[in-house]
Structures are given as structure tokens and as C-alpha cells.
Amino acid sequence: MKHVIIGFTIVLSVLVLSNAAMAYYSTPGDIVVGNEVVMRIRDNAGGYSVEERTKAVYERLVEILSYAPVNNVSVSVHLMKGNYVISVGKYQLITVDKNMADANNSTPEKLAKDWAKKLLPALKREKPNI
């Protein structure tokens with residue numbers, strides 16, 4: 001009986017600790033793909049709150065995972081109207097402007113490239129292999 005109680009206590013402890021770890025990754029601006037935070041939206045922009053911007057990115061990710069090819073050349077960073085844009089295939093995912101870069105202690109180009117670098121392997125893990 002002692003072994004059962006000890007085992008139950010260990011399992012319960014692991015569950016509590018894992019929930020605490022997941023809470024760390026569940027801030028409003030986190031974009032999580034394949035259980036990995038691939039980008040963090042930290043500020044409001046264009047009249048949209050962090051939560052609204054995050055929702056828009058998730059909606060685009062659903063479309064990307066449904067329709068876009070995901071391979072080593074499908075994720076790109078390019079300059080559009082003075083801002084860096086991350087695209088997957090023909091789908092634009094997010095625009096990285098100066099304010100977003102400043103909020104992430106980076107430059108727009110570096111932040112976009114860093115996010116794209118983290119995004120590709122996460123998308124590959126999540127994309128159904130049909």
C-alpha cells in the first residue's frame with residue numbers, strides 16, 4: 001500500500017510541475033507550434049491587441065498547415081513596404097516591424113530570421129505527411 005501512495009504522490013507531483021511549466025508558455029502573445037514557442041507578440045499594433053494579433057497568426061497557421069507546402073524552402077523572410085514578412089509558400093504569416101523588434105530586443109530583420117528559423121522545424125513536425 002505504501003508503494004501505491006508513493007507512486008500516486010510522484011505522479012501527482014509530475015502533473016503539477018508539468019502544468020506549471022505549460023503555464024509559463026501560455027502567455028497571451030506566445031505562438032506555439034508543436035509544443036514549442038516559435039515567436040512572441042509583445043505589443044499592440046495597428047489597432048489590434050496582443051490577443052487579437054495572436055489569434056490572427058493562429059488562423060493563418062491553420063491555413064498554412066492545411067494548404068501550404070512545408071519544406072526547407074517554403075519558409076521565407078522578405079522585405080515588403082519597409083517591413084520584414086515571414087511567409088510559408090504563398091501565405092503571409094506575420095509582419096515584423098520596428099516596434100515588434102524593439103519589444104523583443106532585436107532588429108526587424110534579425111527577429112524575422114530568428115522566428116523563421118524556429119518556425120520551419122516546428123511546422124515540419126506538425127504538418128500531416130499525406
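Since every read-out is calculated from the coordinates, none of them should be taken as a lab result. Predicted, not measured: the structure shown is a model, and the values here were computed from it. Heads up, the Cβs are rebuilt from the backbone with ideal geometry, glycines too, and the neighbour counts pull from every protein chain shown.
Quick one: which residues, 5 or more positions from residue 36 or on another chain, have an amide H under 5 Å from its amide H? H modelled 1.01 Å from N in the peptide plane, none for Pro or chain starts.
Distant-sequence amide H within range of residue 36: zero hits.
Say the cut-off is 21 Å between C-alpha atoms; which of 98/124; 81/127; 55/118; 81/118; 55/81 go over it?
98/124; 81/127; 81/118; 55/81
Gain in length, residue 27 to residue 102, computed as 0.36 nm per residue apart minus the alpha-carbon separation, to one decimal in nm?
Value of the extension gain: 25.1 nm.
For residue 117 and residue 48 in one chain, what is 0.36 nm times their gap in residues minus the Cα-Cα distance, to one decimal in nm?
Going from the current span to full extension adds 22.3 nm.
Would you grab the residues whose amide H sits under 5 Å from the one on residue 93? Only those 5+ places off in sequence or on another chain, please, with H modelled 1.01 Å from N.
For residue 93, whose amide H was placed from the backbone, the distant partners under 5 Å are 86, 87, 88.
Can you compute the FRET efficiency between residue 73 and residue 36 using 1/(1 + (r/R0)^6), with r the Cβ-Cβ distance and R0 = 35 Å? Round to the nearest 0.05.
0.95
Taking region 28-126, how much of its Cα-Cα pair set, in percent, is spaced more than 20 angstrom apart?
That fraction is 30 percent.
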